[in-house]
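Heads up: the structure comes next, in structure tokens.
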Amino acid sequence: MEITTTGRHFKLTPEIKDLAERRIQKLERFSDLVREAHLVLTQEKYRHIAELSLYASGSELVSREETPEMVSSIDRVVDRMERQLKKLHTRMKDRKTPRVVPSFAVVEEAELPEVEPEEEYSPVVVRGFQYSTNPLTVEEAIRLLREKDWELLLFPNSRTGRPALVHLRADGNFGLVEPE
């Protein structure tokens, strides 16, 4: 991981820089996908501010902490970033796990019972609410899909005028389904 440390209105001593780099290096154990880290240390009157930006697998994670001492600001910003990395790792891990295939009874989403993977259930059709009545382009539909964190979106395609479906594929890409 490449670590860049910058001091803004703060004299960056070798001890502080070494401490910060050692603490940031420990974040690699939470995610192998972290490529780059940028730490900005700022002093404004009595406030010592540490801002850490990590670039990992297409995501930018930012954390900022402010305390009366620079060492505690660095410790707190790294701890906060550690929590963010754990959350990102869990989210990515959950997306890769196969989902239990429900059965064929039409049920609203709120009425679904909790499903345990060990037991078998008859198929259930889950009625989702991810559709748009406004005509969209494919790019707008993908942007909306990302913003809402949905897995699929049904919408009228503004270019063809016909219904289309954009979905999140298992490989992380997006798929488009349109009638012939």
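Within segment 44-89, the only residue that satisfies the criterion of being on the phi > 0 side of the Ramachandran plot and touching a helix residue (DSSP H, G or I) at 6+ places or on another chain (Cβ under 9 Å) is SER57. Looking across segment 7-37, the residues that are acidic (Asp, Glu) and either free of Cβ contacts under 8 Å to residues at least 12 places away in the same chain or not in a strand (DSSP E or B) (or both) come down to GLU15, ASP18, GLU21, GLU28, ASP32. Quick one: what pairs do we get from segment 50-71, first residue under 20 Å from ARG29 (Cβ atoms), second assigned to a loop (DSSP other than H, G, I, E, B), C-beta under 8 Å, 6+ apart or different chains? From segment 50-71, the pairs are ALA56/SER31; ALA56/LEU33; SER57/SER31; SER57/LEU33.
When segment 128-143 is limited to residues that are at pLDDT 85 or above and not polar (S, T, N, Q), the one that is farthest from GLY175 (Cα to Cα) turns out to be PRO135.
The values are calculated or read from the model by the stated rules, or taken from the named source; none is laboratory data. Keep in mind that what you see is a predicted model, and the values were worked out from it rather than measured. Cβ coordinates were reconstructed from backbone atoms using ideal geometry, including for glycine residues, and neighbour counts include every protein chain displayed.
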